[in-house]
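Asker: Can you read through this structure? Questions will come right after.
The values are calculated or read from the model by the stated rules, or taken from the named source; none is laboratory data. Computed from a prediction, not measured in an experiment: that's the story for all the values here. Here Cβ is always computed from backbone atoms with ideal geometry, including for glycine, and neighbour counts include all displayed protein chains.
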Amino acid sequence: MMISSARRPKPVRLPPPRSAAAEFRRIALPVLPEAAAAVLPVGDPPVCPPGPLSAAFADPFTPHKILNHFDRLRQFVDGQLVFPITVEVDPTNVCNHRCTWCVSEQSHTGESLGLACFQSLMRELRQCEVRSIVLKGGGEPTVHPHFVQMLDAAHDAQLSVGLITNGSMPRAGSREKTLQRCEWVRISLDAATPQTHRQIHGTGDFARILQNVAYLTGNARRTMVGLNFVAEARNFHEMARFAQLARSLGAAYVTIRCVFDAARPLSSDLRDAMRQEAVAAKQIEDGRFRVFLGNFTDRYLAASPSDAVPYPRCLGPNLIGIVGGDANVYACCFLRGNPAFSFGNINQRSFGEIWRSGRRQEVMNAVYAGKCNRVCAGGLTTNRYNHYNEILNYLCAEDKPHAEFA
Ligand code: SF4
């Protein structure tokens with residue numbers, strides 16, 4: 001049962017307070033002398049910006065998307081409490097695949113969110129001005145018995161929805177509802193053949209997943225459908241074939257990344273072979289199909305745990321909320337299932353109360369101090385927290401030389 005907060009507690013100030021000297025410099029605009037002002041033309045001021053550009057320039061993949069939320073970044077940097085822009089929700093910790101390298105394997109502990117709990121969460125997120133949710137795992141979202149109703153609940157709360165799935169979609173009506181309710185869906189396929197898929201995912205449902213992908217791409221009106229591939233020693237040779245398969249199925253894009261284990265770095269031969277395959281996959285790109293290569297550079301492939309992290313504090317979790325299938329709100333997706341990094345449980349308190357709580361501040365202070373042990377291999381992988389961390393750490397810096405320049 002959800003408990004609503006009647007009073008709004010005093011906001012927690014984030015990040016840790018800066019000194020007065022550290023306040024952002026306010027830039028005074030020069031005042032024109034009267035004589036100079038007199039010669040300026042009189043009339044309508046110039047229109048700025050000069051009208052909207054075609055939608056073709058609004059790339060949904062740009063990392064600059066975060067700038068659409070600059071109001072929230074500014075509030076955060078000014079020390080105000082901000083709610084997340086996106087909340088990632090695991091409907092369940094149950095998964096029907098057995099991927100050997102799955103980052104969520106530790107959280108496959110069998111819990112699921114109840115439908116009433118999920119519906120209540122959606123309403124709370126809306127109240128907290130969260131703008132979007134991503135259904136992911138944890139477990140496999142589409143195995144939840146109320147997956148279809150969950151999509152309706154998110155829609156009713158006017159939240160934009162993305163879905164990350166293994167594509168199995170075992171519940172009746174899942175494909176149709178996904179196309180009605182989701183802005184985008186990304187299917188983790190990781191193979192171009194049933195044999196390799198079985199090796200990686202431990203299941204025999206490759207053909208069924210391809211049928212689901214074809215249904216989604218063939219009937220999508222606004223939902224962008226993409227496929228994901230995590231390359232490792234057993235499947236990397238199928239990268240180019242995978243890109244071809246995705247294009248032939250009508251997918252809009254593929255993302256191809258390399259599995260990352262800093263403790264067991266790949267041999268240089270394997271790295272070279274992977275890079276060649278990645279280049280071949282990139283050739284499949286055309287005007288309507290894109291191939292994104294995540295981390296096929298030396299910075300990532302040859303990284304070591306002793307490499308310095310390129311930012312002082314992990315601030316990104318302030319912009320992304322994580323709700324696990326066990327109903328706990330976690331600091332980041334890599335810390336799911338770790339009670340030391342849980343802010344609280346939505347079966348006991350509302351999401352808003354949890355986000356405003358002293359417990360969240362306490363956990364985030366531990367994160368800022370690096371006590372999460374950076375299990376994401378922060379700075380060495382291409383996870384999105386890195387991008388947000390670079391922006392937020394810069395904006396939060398006390399003294400920014402040349403900040404007055406554009
Ligand atoms: S450093 Fe990595 S593991 Fe730690 S909170 Fe940030 S994203 Fe999560």
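Asker: Kindly list the number of the only condition in (1) in contact with a Leu (Cβ under 8 Å, 6 or more places away or on another chain); (2) more than 19 Å from residue 137 (Cβ to Cβ); (3) surrounded by 22 or more Cβ atoms within 10 Å (Cβ to Cβ) that fails for residue 323.
Answerer: Answer for residue 323: the failing condition is (2).
Asker: A further question follows. Would you point out the residue of the range 254-289, among those that are part of a helix (DSSP H, G or I) and among the charged types (D, E, K, R), that is nearest to residue 213 (Cα to Cα)?
Answerer: By that ranking, first place goes to 282.
Asker: In the range 255-269, is there at least one residue being under 30 Å from residue 192 (Cβ atoms) and within 13 Å of the ligand (Cβ to nearest atom)?
Answerer: yes
Asker: Just checking, does the range 302-325 include any residue being more than 16 Å from the ligand (Cβ to nearest atom) and at pLDDT 85 or above?
Answerer: Checked the range 302-325: at least one residue is more than 16 Å from the ligand (Cβ to nearest atom) and at pLDDT 85 or above.
Asker: Given the options 394, 330, name the one that is within 11 Å of the ligand (Cβ to nearest atom) and without any contact (Cβ under 8 Å) to a residue 24 or more places away in the chain.
Answerer: Answer to the selection: 330.
Asker: Moving on to the next point. If only one of 402, 387 is touching a Pro at 6+ places or on another chain (Cβ under 6 Å) and surrounded by fewer than 20 Cβ atoms within 10 Å (Cβ to Cβ), which one is it?
Answerer: Answer to the selection: 387.
Asker: Just need a number here: residues in the range 347-380 that are within 14 Å of the ligand (Cβ to nearest atom), crowded, with 18+ Cβ neighbours inside 10 Å and outside any helix (DSSP H, G or I).
Answerer: Total meeting the criteria: 6.
Asker: Quick one: residue 344 ticks every box in (1) within 16 Å of the ligand (Cβ to nearest atom); (2) on the phi > 0 side of the Ramachandran plot bar one, so which box is it?
Answerer: The number of the failed condition is (1).
Asker: Here's a follow-up. I'm trying to understand the selection: among the residues of the range 213-229, which are among the aromatic types (Phe, Trp, Tyr) and under 12 Å from residue 167 (Cβ atoms)?
Answerer: Matches in the range 213-229: 215 only.
Asker: Tally time: how many residues in the range 381-404 are at pLDDT 90 or above and under 11 Å from the mean Cα position of the chain (by Cα)?
Answerer: 1
Asker: Let me ask another. What is the number of the single condition among (1) closer than 21 Å to residue 335 by Cα; (2) of a type in the set (S, T, N, Q); (3) in contact with a strand residue (DSSP E or B) (Cβ under 7 Å, 6 or more places away or on another chain) that residue 142 does not meet?
Answerer: Condition not satisfied by residue 142: (1).
Asker: Quick one: what pairs do we get from the range 241-268, first residue on the phi < 0 side of the Ramachandran plot and surrounded by 15 or more Cβ atoms within 10 Å (Cβ to Cβ), second in a loop (DSSP other than H, G, I, E, B) and among the hydroxyl-bearing types (Ser, Thr, Tyr), C-beta under 6 Å, 6+ apart or different chains?
Answerer: Here the result reads 260/381, each pair linking the range 241-268 to a residue that is in a loop (DSSP other than H, G, I, E, B) and among the hydroxyl-bearing types (Ser, Thr, Tyr).
Asker: Sort through 172, 243, 233, 251 and tell me the only one that's modelled with pLDDT of 95 or more, in a loop (DSSP other than H, G, I, E, B) and closer than 21 Å to residue 282 by Cβ.
Answerer: Only one candidate qualifies: 251.
Asker: Does any residue in the range 355-377 that is over 12 Å from residue 331 (Cβ atoms) and touching a residue at least 12 places away in the same chain (Cβ under 8 Å) come within less than 8 Å, Cβ to Cβ, of a residue that is more than 7 Å from the ligand (Cβ to nearest atom) and of a type in the set (Lys, Arg) six or more places away or on a different chain, and which pairs are these?
Answerer: These pairs meet every condition: 356/8; 357/349.
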